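Q: This is the structure I want to talk about, given as structure tokens.
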Amino acid sequence: MNKIYLYITLLIALVGLSSCSDFLDVQPAGQLEQEKQFSDMRGFRDAMYGAYGKLATTDLYGGNLSYAFVDQIGQMSGYAASSVPAYFAGAYDYKKKEVRSIINSIWFGQYQAISYINNILKHINTTEITHPELSIMRGECLGLRAFLHFDLARLFAEDYLQSTKTSRGLPYSTSFDLNNRKLYSLHDTYQLILNDLDEAEKLLANDNVVNVEKNPTNDYMKGRAVFFNKYAVAATKARVYYSMGKYDLAAKYAKIVVDSKDNFSLKKLTSMDGVKRFPATNELIFGLYNTSLSKEIAQMFLSQTARGTFYEGRRDLEKLYETSSFTATSSDIRYPSFYKLNTPGSTQTFSFIRLLESEAQIATLPLQGFTLIRLPEMYYILSESLFDTNKEEAISYLNKVRASRGLDPVSSDKTVNREAFEKEMLHERMREMPGEGQIFYALKHYNKSFTDFTGTKTITPSTEIFVLPWPENETEFGNK
């Protein structure tokens, strides 16, 4: 059985798991006693596939942490009627029962995935099996543990730049059990994240080839873009240091990815077809398989076109993409690739077509997975990180992404100072990254007023908006 089918089989098996206590009896690869599960390399591989499968579920990166909840609170999509939780999520009504349920599922889902990873690490550290893949798996697990805690911190704690040494961080989970975890300060949480990433970087030092197999095999060491590879570690370190305001280190790690030309490249494109969704050829740093969600995505974004009947894209997209300035030689190819304008007029809406262009594609061209880290983001981090020390080089990195998307260089009025540049970088992220769950984090990082998905309501930054509430009965994974 090749890896994509095994991966999806284990994903389906995981969907039925409801709590971490269930996992004490149910392993990612099925109903196996742990001694049998980890008695050979196939057991370790199955456990890894199962952990990745958990990440790809709709509670996590196959939904809530990509095109659904986090994009809704990032104001990249919205629902204009109160018949669905997205309406209240977009209004930051986190007390609403249905919204709170989604938030809780993210918290518990992330920690459940971390528990799977910690269980694998425990067995890697104690097994008598000697095999080179085990070192790679250990690196992946440490990197994933950091990646998952980092996203928890971005959601459930203050922004690092607004924090103090005593700001509340997270329970950092490093073992497989249901005991309460020590609650760390935010600064200590970030240090634990970096510690795991540092060790992962060493273990994955020779993990140099990153791609998605066109014809997936059962070779664990191939198709490394769907595993937490060497460059996923570097990209995550770039994200972490960028979030901390340590721009010299953010630039260092972003550049490691950008300079890996054998794996990644930005090309001048005439169409976004090859890169707009998984596997995002030449641009995917890390992603996940999931072939089961096309119907659900079509129902969300494509089933209707009238306001209040579907999840619509931002209503100010023509302004965001600056369509009035398009020319024959400078036109943003992302705009028609990511969105479809429905009936023009005062009640016009936009359908989000990045993941699926039509309901017919459910059968003819279904979505194969999700992109979690892509190359353009590394250019953005490099650009912002260098702006204060080398403005010309910083702008050149932004312009490389613009050129690949069919645009002329950015105008000088948008780079006159850091405030103007950050405003443009926010817009650029919004143009490039809808459906990937990254815009909420950008809004939080910049900490400036922004507009809702209608483009009409101004929202003032606040802790109440940017720090999601912890589960009320937080007893499984840490202290309140």
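The values are calculated or read from the model by the stated rules, or taken from the named source; none is laboratory data. Note that the coordinates shown come from a computational prediction; the quantities given were computed from them, not determined experimentally. Positions of Cβ are generated from backbone atoms using ideal geometry, with glycine treated the same way; all protein chains shown enter the neighbour counts. Keep in mind that these areas ignore ligands, DNA and RNA; they rest on the heavy atoms of the full protein, side chains included. Shrake-Rupley method; radii C 1.70, N 1.55, O 1.52, S 1.80 Å.
Q: Considering only residues that are part of a loop (DSSP other than H, G, I, E, B) and in contact with an Asp or Glu (Cβ under 8 Å, 6 or more places away or on another chain), which ones fall in the stretch 328-364?
A: Across the stretch 328-364, the qualifying residues are T329, S330, D332, T349.
Q: Kindly indicate whether K400 is touching a helix residue (DSSP H, G or I) at 6+ places or on another chain (Cβ under 7 Å), open to solvent by 40 Å² or more (accessible area, probe 1.4 Å) and not in a loop (DSSP other than H, G, I, E, B).
A: Against the criterion (touching a helix residue (DSSP H, G or I) at 6+ places or on another chain (Cβ under 7 Å), open to solvent by 40 Å² or more (accessible area, probe 1.4 Å) and not in a loop (DSSP other than H, G, I, E, B)), K400 qualifies.
Q: If you take the residues of the stretch 185-203 that are among the hydrophobic types (A, V, I, L, M, F, W, C) and in contact with a Phe, Trp or Tyr (Cβ under 8 Å, 6 or more places away or on another chain), which of them is surrounded by the most Cβ atoms within 10 Å (Cβ to Cβ)?
A: Top of the filtered list is A200.
Q: To continue, here is another question. Considering only residues that are surrounded by fewer than 22 Cβ atoms within 10 Å (Cβ to Cβ) and of a type in the set (S, T, N, Q), look in the stretch 36-63 and name the one that is modelled with the highest pLDDT.
A: Result: T58.
Q: What residue, of I117, I106, is over 25 Å from M41 (Cα atoms) and under 19 Å from the mean Cα position of the chain (by Cα)?
A: I106
Q: Under 9 Å between Cβ atoms, which residue pairs at least 6 apart in sequence (or on different chains) link something in the stretch 369-390 that is over 30 Å from T291 (Cβ atoms) with a partner that is modelled with pLDDT of 95 or more and part of a loop (DSSP other than H, G, I, E, B)?
A: Taking only residues 6 or more apart or on different chains, the pairs are S385/K246; F387/T415.
Q: What do you reckon, is D413 open to solvent by 30 Å² or more (accessible area, probe 1.4 Å), part of a helix (DSSP H, G or I) and at pLDDT 95 or above?
A: yes
Q: Find the residue count for the stretch 416-457, including only residues that are under 18 Å from R314 (Cα atoms) and surrounded by 13 or more Cβ atoms within 10 Å (Cβ to Cβ).
A: First pass over the stretch 416-457, keeping only residues under 18 Å from R314 (Cα atoms): 423-443, 449-457.
In the following step, the residues that additionally are surrounded by 13 or more Cβ atoms within 10 Å (Cβ to Cβ) were identified as 423-443, 450-455.
Final tally of qualifying residues: 27.
Q: Scan the stretch 330-382 for residues that are among the β-branched types (V, I, T) and either modelled with pLDDT under 95 or touching a strand residue (DSSP E or B) at 6+ places or on another chain (Cβ under 7 Å) (or both) and jot them down.
A: Listed by number, the residues that qualify are T343, T347, T349, I353, T371, I373.
Q: Does N479 fit the bill of being modelled with pLDDT under 95, farther than 18 Å from V258 by Cβ and over 20 Å from the mean Cα position of the chain (by Cα)?
A: Judged against the criteria, N479 is a match.
Q: For the stretch 341-362, which residues satisfy the criterion of being open to solvent by less than 70 Å² (accessible area, probe 1.4 Å) and hydroxyl-bearing (S, T, Y)?
A: T349, S351, S358
Q: So which residues in the stretch 318-340 are open to solvent by less than 70 Å² (accessible area, probe 1.4 Å), within 26 Å of F69 (Cα to Cα) and either free of Cβ contacts under 8 Å to residues at least 24 places away in the same chain or touching a helix residue (DSSP H, G or I) at 6+ places or on another chain (Cβ under 7 Å) (or both)?
A: L320, Y321, R334, Y335, Y339
Q: Continuing with the same structure: Among the residues of the stretch 409-419, are any of a type in the set (S, T, Y), farther than 30 Å from V212 by Cα and in contact (Cβ under 8 Å) with a residue 12 or more places away in the chain?
A: Yes - at least one qualifying residue is present in the stretch 409-419.
Q: Considering only residues of the stretch 246-269 that are of a type in the set (S, T, N, Q) and surrounded by 16 or more Cβ atoms within 10 Å (Cβ to Cβ), which is farthest from I381 (Cα to Cα)? Steps first, answer last, please.
A: Step one: list which residues in the stretch 246-269 are of a type in the set (S, T, N, Q), which gives 260, 263, 265.
Remaining after also requiring surrounded by 16 or more Cβ atoms within 10 Å (Cβ to Cβ): 260, 263.
Details: S260: 16, N263: 19 Å.
The extreme case among them is N263.
Q: Looking at (1) buried (at least 16 other Cβ atoms within 10 Å of the Cβ); (2) part of a helix (DSSP H, G or I), which one does F176 not meet, given that it meets all the others?
A: (2)
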